[in-house]
Amino acid sequence: MSTTTAFAPAKINLTLRIVGRRADGYHELESLVAFADAGDTLTLRPGPETALAVDGPFAGACGETRDNLVLKAAAALGQRVPGLRGGAFHLDKSLPVAAGIGGGSSDAAAALRLLAGANGIVPGDPRLAEAALAVGADVPVCVTAKARVMRGIGEVLSPPIAMSRLPAVLVNPGVATATRDVFRAFAGMHGDAKPLGDVPATGLVDFLRAHGNDLTAAAIACVPVIGDVLDVLVALPGVQLARMSGSGSTCFALFETAPAASAAAETLRAARPDWWVAATTLG
């Protein structure tokens, strides 16, 4: 069987509302999620043994290979599909790590898609969804990589949302953010009491302005440079909205057109060569 390839796009939390905390300590949330056309690339060469090789700009930040979510996804699916055929994975890691854009979760979802294809598992097979959730709360939404509203701890997904494409710039200052630390800092703070409701087909930027990211202040308390990034993004010519994604530290800025986003990205790269900057489209 020949090598197959899957794209693992960055997951962007356009909004993030903390609804409450469960008895097991996990926070319930409500988040409108979109996906970028920037991401990692994962390939699979089917074979008798499952292994993973990682390279790319952020390979060094991935930690021990045995802890990678790609291998955890393969193991989770193998527990549910007797005789699952694995193989040699190769991950080109282009997204920052621990960055609030679901890079590892998207990689795991890409692994599930590749394994499904190699084993004749149809996309709607419930074992895929079960394996995805077993790997992590952000993995289920990444399996189809379509804009949706996530609820619960991330396992309750709305139907796909047909939203307008959003030209954007993603910026990461090169500082990892520990999600656990951000939620710990959030303790005692209050989330947005306003539910998302229906996501409009038009006027999306105005809608987003009314729904923020509840974790922003907590993340800035943990990683102050996030506040600096947001200040820089807000000051860019033509920016419509600037916000942090997930628990940080990646932030995004929305623009009216793709050329405006590209021009802003070029300006940022020249001014801050130490930051990771990507012009992209969200949808």
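All of the numbers you see were taken from the coordinates with simple rules; none came from a lab. This is a predicted model, so every value here is computed, not measured. All Cβ positions, glycine included, derive from the backbone under ideal geometry; neighbour counts span all protein chains shown.
Structure values in brief
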item	result
Helix-only CD estimate at 222 nm, as mean residue ellipticity for the chain, using -39500 (n - 2.57) per DSSP H run (n ≥ 4)	-9000 deg cm²/dmol
ARG209 versus ARG66: modelled label distance in nm, points set 7 Å from Cα along the beta carbon direction	5.3
Region 1-155: relative contact order as a whole-number percent, Cα under 8 Å and 6+ apart	31
Cα-based shape type of region 17-100, given that a ≥ b ≥ c are square roots of the gyration tensor eigenvalues and the cut on a/c is 1.5	oblate
Cleavage-rule hits, trypsin sites (Lys or Arg not before Pro), region 1-47, DSSP coil, Cβ neighbours within 10 Å at most 15	ARG22
Computed label-point distance, nm, for sites ASP24 and ALA270 using a 7 Å Cα→Cβ extension	5.1
Exposed GluC sites (Glu not before Pro) absent - longest run of the chain, DSSP non-H/G/I/E/B, at most 14 other C-beta within 10 Å	65-255
Two-site label geometry, VAL234 and ALA88: point separation in nm, points 7 Å out along Cα→Cβ	5.1
